[in-house]
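Asker: Have a look at the structure that comes next, please.
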Amino acid sequence: MKYNENEEFMMKSVTLSLLQSAANAFDFGGPVLCDAHHYGEGHINDTFVVWREDHSKRFILQRINTDTFTNPVGLMENVCGVTRHLRAKILAEGGDPARETLNVIPTLSGSTCYLDADGGAWRAYDFVEDTICLQQVGSEADFRTVAETLGKFQNQLEDYPASTLHETIARFHDTPNRYANFEKALAADALGRAKNITSEIEFIHAREQDCHVLLDQLAAGEIPLRVTHNDTKINNVLIDAATGKGICVIDLDTVMPGLSAYDFGDSIRTGANDCAEDEPDQSKVHFDLHLYEVFAKGYLSTAGASMSIAEKKSLAWGARLMTLECGIRFLTDYLEGDHYFHIARPDHNLDRARTQFTLVRQMEEVFDQMLEIVCPDNH
Ligand code: ADP
Ligand code: GN1
Ligand code: MG
């Protein structure tokens, strides 16, 4: 795992003294040492590692992005509720809850979140040791593992009381609304960047109707609302470094009512290809139907028992729409001045958007096969 190499492009810096004073608020069982380098490759929160002074144990300390998550206390209620539920399931299955779900470290005053004097909101977790976190798929076996782990996660949350969850980001996967936000950003063209993206604009406009497919199916009662993760990028699943077993689903900030197609789709977007999400050379971007099949089989093996034909078919649409939606979001951020996603270079969001659109175009070419794979012979 690498540190972000170009932190000058990060949206908001965190000084060592700010980090240390946040760390001092948590019950780490003693004083900790901080390192102000960002850890990992998340696009939203500021993530750091802190060590106990005697190096006996390390923790993840995160500043929650409160521009994105405006109710961090409600968000942490979700995380605590969901991890409590998962812990009980893991125990019942004979698993190890200390590694197989996030463990929230309370503050010294017993709350789950520390609010600093600048309005920052911080939380801490045990560091899940001896795991790897994939930025790209290295092997079919790893991708199958991610699929099984996410399918199991969905299954474990099947009986979670959805009505108790705070909606941490309104209309998160409302693709038509993402489209409308893109149109607003385009009309405003605050930085004069629209002239650089004429073919991307055309690409999005040609797919306006597609944006409605999943929400129309939900509104028609054809597919069910479930409790879903909603941000199932492959780097949000930790895999055991020694055994290759799926260990822990992380980044629970967006666990909310949603569609299985969202979780399936976002993993396909990030894993069923041989390129990075931000690959600037589009000739290197290839949607891999075989990896799609590998993921589909793994996911359906752990999550699929109660899925209707319509829901299985919606998974293929999930792949297409989560990729299109993410591209639309990256391009909207590019037009608005890169204020949402962390960037590490100029035009980073533009590269990310182009990669998503290349993948969408390739998925469209093999869409009949994608449907057949998730729902063979309509079963
Ligand atoms: P973001 O919302 O910004 O993506 P994440 O919660 O996904 O933030 O954390 C960013 C990265 O930090 C992850 O991709 C992973 O590499 C690492 N990480 C987060 N939580 C843990 C943990 N409990 N143990 C080990 N690594 C973690
Ligand atoms: C963000 O937090 P992270 O880096 O796992 C984003 C996802 C996008 C993804 C694109 C809360 O995920 O929705 O799909 O970037 N998370 C949020 O890489 O907006
Ligand atoms: Mg993440």
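Asker: For the range 252-269, does any single residue satisfy the condition of being in the same structural domain as Ser139 (by the TED database), more than 16 Å from ligand 3 (Cβ to nearest atom) and under 20 Å from Ala141 (Cβ atoms)?
Answerer: yes
Asker: Checking the conditions here, which among Glu100, Glu93 is modelled with pLDDT under 95, away from ligand 2 (no atom under 16 Å from the Cβ) and either under 17 Å from Val237 (Cβ atoms) or not assigned by the TED database to the domain that holds His166 (or both)? Give the derivation first.
Answerer: Numbers: Glu100 fails: modelled with pLDDT under 95.
Only one candidate qualifies: Glu93.
Asker: Output the residues belonging to the range 120-133 that are buried (at least 20 other Cβ atoms within 10 Å of the Cβ) and either over 30 Å from Gly30 (Cβ atoms) or away from ligand 3 (no atom under 15 Å from the Cβ) (or both).
Answerer: Ala121, Trp122, Ala124
Asker: Thr232 passes all but one of (1) in a helix (DSSP H, G or I); (2) buried (at least 24 other Cβ atoms within 10 Å of the Cβ); which number fails?
Answerer: (1)
Asker: Please give the strands (runs of 3 or more DSSP E) falling wholly within the range 1-84 in which 1 or more residues are more than 30 Å from Thr228 (Cα to Cα) and at pLDDT 90 or above.
Answerer: 32-34, 46-52
Asker: Taking Asn78, is it in contact with a strand residue (DSSP E or B) (Cβ under 6 Å, 6 or more places away or on another chain), in contact (Cβ under 8 Å) with a residue 12 or more places away in the chain and surrounded by 18 or more Cβ atoms within 10 Å (Cβ to Cβ)?
Answerer: Against the criterion (in contact with a strand residue (DSSP E or B) (Cβ under 6 Å, 6 or more places away or on another chain), in contact (Cβ under 8 Å) with a residue 12 or more places away in the chain and surrounded by 18 or more Cβ atoms within 10 Å (Cβ to Cβ)), Asn78 does not qualify.
Asker: Determine which member of the set Phe172, Phe143, Phe127 is within 17 Å of Ser260 (Cα to Cα) and out of contact with any His (no Cβ under 6 Å at 6 or more places or on another chain). So that I can check it myself, show each step before the final result.
Answerer: Working: Phe143 fails: within 17 Å of Ser260 (Cα to Cα); Phe127 fails: within 17 Å of Ser260 (Cα to Cα).
So the residue among Phe172, Phe143, Phe127 that is within 17 Å of Ser260 (Cα to Cα) and out of contact with any His (no Cβ under 6 Å at 6 or more places or on another chain) is Phe172.
Asker: Yes or no: the range 22-33 includes at least one residue that is surrounded by fewer than 20 Cβ atoms within 10 Å (Cβ to Cβ) and of a type in the set (Val, Ile, Thr).
Answerer: Checked against the condition, which is being surrounded by fewer than 20 Cβ atoms within 10 Å (Cβ to Cβ) and of a type in the set (Val, Ile, Thr), the range 22-33 yields no hits at all.
The values are calculated or read from the model by the stated rules, or taken from the named source; none is laboratory data. Note that the structure is a prediction, hence the values are computed from the model and not measured. All Cβ positions, even for glycine, are placed from backbone atoms using ideal geometry, and neighbour counts span all protein chains on display.
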